[in-house]
2 protein chains.
Amino acid sequence: MRISELSRASGVSIPTIKFYLRESLLPQGTPTARTQADYAEGHLHRLRLIQALTEIGGLRLRDVRAVLQAIDDQALGTHELLGTVHHALGPHLDGEPSHDEVQAIAEVDRFLGALGWRVSQQAPARRTLARALTTLRRMGRDADAGVFEPYARVADELAAREVATVSSTGSRLEAVEGAVVGTVVFEAALVALRRLAQEHHSARRFGPARRD
Amino acid sequence: MRISELSRASGVSIPTIKFYLRESLLPQGTPTARTQADYAEGHLHRLRLIQALTEIGGLRLRDVRAVLQAIDDQALGTHELLGTVHHALGPHLDGEPSHDEVQAIAEVDRFLGALGWRVSQQAPARRTLARALTTLRRMGRDADAGVFEPYARVADELAAREVATVSSTGSRLEAVEGAVVGTVVFEAALVALRRLAQEHHSARRFGPARRD
């Protein structure tokens, strides 16, 4: 298909597609004339994946590139790929941790150790948790890492199910793309549903009475 | 305290504090000299809240302003405040929904209706869910809104607990700030824990064997 058809089918504008081509996020099409190229289903699929990562996952362009390179790296196993995706998803907490954050990181490490979870020392989510704990304390709450216990329990339940559904049949590309999309899309869905559920329970507790 | 002490106590740089003062996110201090002012505990507290919203919540400055105004609006009830926070948290999906997204929105509405959740038609999370569903389909998955069912179940469980812990004693400021911080901080923690749990289960299924 031509670039105009690729644009129509994906809902991505032609300038954006040209930008992705220039940035090598999208492979070049097959040249059909000096200024024209032909694009295949694979291009459309890749374009949709890029959209999913940027729109739903909120990934920066450099992180999209890292994820796509990991997908295309045949030598990379599913577990390593997932690590790349998690790293790309951020958040990117830069800078040296403050004194109270260093202490919180140690507490989070003990908490994760007690759960028996097998997670890398470099996982950015460790620092996110430590930052969350530090924030609670700075805002005046008397909290320790145990405050995360109910969240860890449901996270464990969801993740066990999710990892079990990663396809072990089908192509490697299907499996890894499925893992990437699943991680990003269901994270957005979980966050959205928690907010909706909060609204629902808040309406029941604090909202105006409803005539049912 | 002086601005330098405020900076030290909060970990926020003086230029950033001055920026917040100019943008009226932080109230002015009490003038003590032509170029000096005195800041109180309330300033430190507000500064930490702004940091929580931007760093952990990833809120844009205009959204931080909306949340702070809602907190300061004495006429606003807890339920309305939570709506403001949710709206500020985004994501901000702009533009007209595409044809398949319009259809997905209708499906999400039926799904939420079947759950019996009392949520506003304007809740941005509705569109997030619809976008998530559309993305799954565009990536080739044969999914309907029922795919969100396990996520809705745990979201409901967490939200019921969270709303129940919103303080009904103490000052209004404590209650609403607590609700804001809880929403933002535990969302970040939940996302971080799901990723860690995925890594753990992925390591068990796909990773190298561990000698325990």
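The values are calculated or read from the model by the stated rules, or taken from the named source; none is laboratory data. These figures come from a predicted structure and were not determined experimentally. Counting neighbours? That spans all protein chains shown, and the Cβs are built from the backbone with ideal geometry, glycine included. Quick note on the areas: whole protein, heavy atoms, side chains included, nothing else; ligands and nucleic acids left out. Shrake-Rupley method; radii C 1.70, N 1.55, O 1.52, S 1.80 Å.
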Of all chain A residues, the one whose C-beta is nearest the axis that brings A onto B, in angstrom: A:Val154, 2
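Determine the total buried accessible area between chain A and chain B, counting protein heavy atoms only with a 1.4 Å probe; round to the nearest 100 Å². Mind dumping the intermediate values first?
Values: alone 14420 and 14430 Å², together 20580 Å².
Heavy-atom accessible area buried at this interface is about 8300 Å².
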Label 7 Å beyond Cα on the Cβ vector: B:Asp109 copy-to-copy distances, nm: 5.2
Integer Hz, Karplus 6.51/-1.76/1.60 couplings in order for region A:4-9, x for Gly and Pro: 5, 6, 4, 5, 5, 5
Cα long-axis angle, helix A:172-206 against chain A (0 to 90 degrees, to the nearest 10): 40
Inter-copy separations for A:Pro27, label at 7 Å along Cα-Cβ, nm, ascending: 6.2
FRET efficiency for B:Lys18 and A:Arg137, using Cβ-Cβ distance with R0 set to 25 Å, rounded to 0.05: 0.45
Derived scalar couplings ³J(HN,Hα) [region A:57-70; Karplus, 6.51 cos²θ - 1.76 cosθ + 1.60; whole Hz; x for Gly, Pro]: x, x, 6, 6, 4, 5, 7, 4, 4, 4, 5, 5, 5, 5
Translational D in µm²/s for chain B (Stokes-Einstein at 10 °C, 1.306 mPa s, Kirkwood Rh from C-alpha pairs): 78
Of all accessible heavy-atom area on region B:65-212, the percent that carbon and sulfur account for (1.4 Å): 51
Label-point separation in nm, A:Arg204 to A:Gln74, each point 7 Å along Cα→Cβ: 5.4
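Order B:59-72, A:132-145 from most to least packed using the mean count of other Cβ atoms within 10 Å. List each step's numbers first, then the result.
Working: B:59-72: 17.0, A:132-145: 19.2.
Going from most to least packed, we get A:132-145, B:59-72.
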Label point distance in nm, A:Gln121-B:Asp144, each placed 7 Å from Cα along Cα→Cβ: 5.0
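Summing Lys, Arg as +1 and Asp, Glu as -1, what charge do residues with Cβ under 10 Å from the Cβ of B:Gly182 carry, B:Gly182 excluded? Mind showing how you got there, number by number?
On the way: positive: A:Arg141; negative: B:Glu162, B:Glu177, B:Glu187.
Net of charged neighbours comes to -2.
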Distance between modelled label sites at B:Ala106 and A:Val102, nm, 7 Å Cα→Cβ extension: 6.0
For chain A: relative contact order, % (alpha-carbon pairs under 8 angstrom, 6 or more apart): 17
Solvent-accessible heavy-atom area per residue, rounded to whole Å², over region A:10-140 at 1.4 Å: 50
Region B:131-180 - Rg and Dmax from Cα coordinates, angstrom: 17.4, 51
Under 5 Å, built H, 5+ apart or other chain: amide partners of A:Ala37: A:Ile3, A:Thr32
Using a 7 Å Cα-to-Cβ projection, A:Pro15 label spacings across copies, nm, ascending: 3.1
Kirkwood hydrodynamic radius of the protein assembly as shown, Cα pairs, Å: 23.2
Mean Cα-pair separation over length for region B:49-136, i.e. relative contact order, pairs under 8 Å, 6 or more apart, %: 28
Residue-averaged 222 nm ellipticity for chain A, from DSSP H runs of 4+ at -39500 (n - 2.57), nearest 500: -21000 deg cm²/dmol
